[in-house]
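Note sheet for the following structure.
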Amino acid sequence: MDNQHNQKNIREEIGMYFDRQLSDQQQQSLLERVNADPAYHRVFNQEKEIRDHLKQKVRRPGVSPDLIQSIKDNIRME
């Protein structure tokens with residue numbers, strides 16, 4: 001059970017790294033662990049591959065210029 005908890009913590013920390021939620025010092029510390037610890041290295045690479053795949057394969061729908069202008073107009077009115 002402790003190993004599962006540790007894996008969950010590793011995944012959460014690496015997710016925070018890719019989501020840019022860590023300070024510079026925390027990022028550096030994580031990258032040092034990734035280089036030194038095979039478990040961190042494996043999870044880091046898996047997460048990177050998943051995110052790279054999603055960026056390449058998943059297309060976001062376009063937004064019409066009218067919608068953008070409407071949002072801008074609403075912001076200005078407030």
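Output the residue which, of all residues in region 8-17 that are farther than 14 Å from ARG51 by Cβ and surrounded by 13 or more Cβ atoms within 10 Å (Cβ to Cβ), is modelled with the lowest pLDDT.
Only one residue fits best here, namely ILE10.
Taking region 30-43 on its own, how many of its residues are over 16 Å from ASN3 (Cβ atoms) and either β-branched (Val, Ile, Thr) or surrounded by fewer than 13 Cβ atoms within 10 Å (Cβ to Cβ) (or both)? It would help to see each step written out before you state the result.
Taking region 30-43 and keeping what is over 16 Å from ASN3 (Cβ atoms), we get 30-36, 41.
Those still in the list that are either β-branched (Val, Ile, Thr) or surrounded by fewer than 13 Cβ atoms within 10 Å (Cβ to Cβ) (or both) too: 32, 34-36.
Here the count works out to 4.
Residue under question is GLN46, and the condition is that it be polar (S, T, N, Q) and exposed (fewer than 10 other Cβ atoms within 10 Å of the Cβ); does it hold?
Taking the combined requirement at face value, the residue does not satisfy it.
I need the full set of residues from region 18-58 which are polar (S, T, N, Q) and modelled with pLDDT under 95, in order please.
Matches in region 18-58: GLN56 only.
Looking only at region 49-73, count every residue that is loosely packed, with under 10 Cβ neighbours inside 10 Å and closer than 29 Å to MET16 by Cβ and tell me the total.
Residues that pass the stated criteria total 9.
Taking the conditions exactly as written (exposed (fewer than 11 other Cβ atoms within 10 Å of the Cβ) and in contact with a helix residue (DSSP H, G or I) (Cβ under 9 Å, 6 or more places away or on another chain)), does ARG20 satisfy them or not?
Considered against the rule, which asks whether it is exposed (fewer than 11 other Cβ atoms within 10 Å of the Cβ) and in contact with a helix residue (DSSP H, G or I) (Cβ under 9 Å, 6 or more places away or on another chain), ARG20 comes out as yes.
Can you list the helices (runs of 4 or more DSSP H) lying wholly within region 20-78 that have 1 or more residues being in contact (Cβ under 8 Å) with a residue 12 or more places away in the chain?
Here the list reads 24-36, 38-57.
The values are calculated or read from the model by the stated rules, or taken from the named source; none is laboratory data. The structure displayed is predicted, hence computed values, not measured ones. Positions of Cβ are generated from backbone atoms using ideal geometry, with glycine treated the same way; all protein chains shown enter the neighbour counts.
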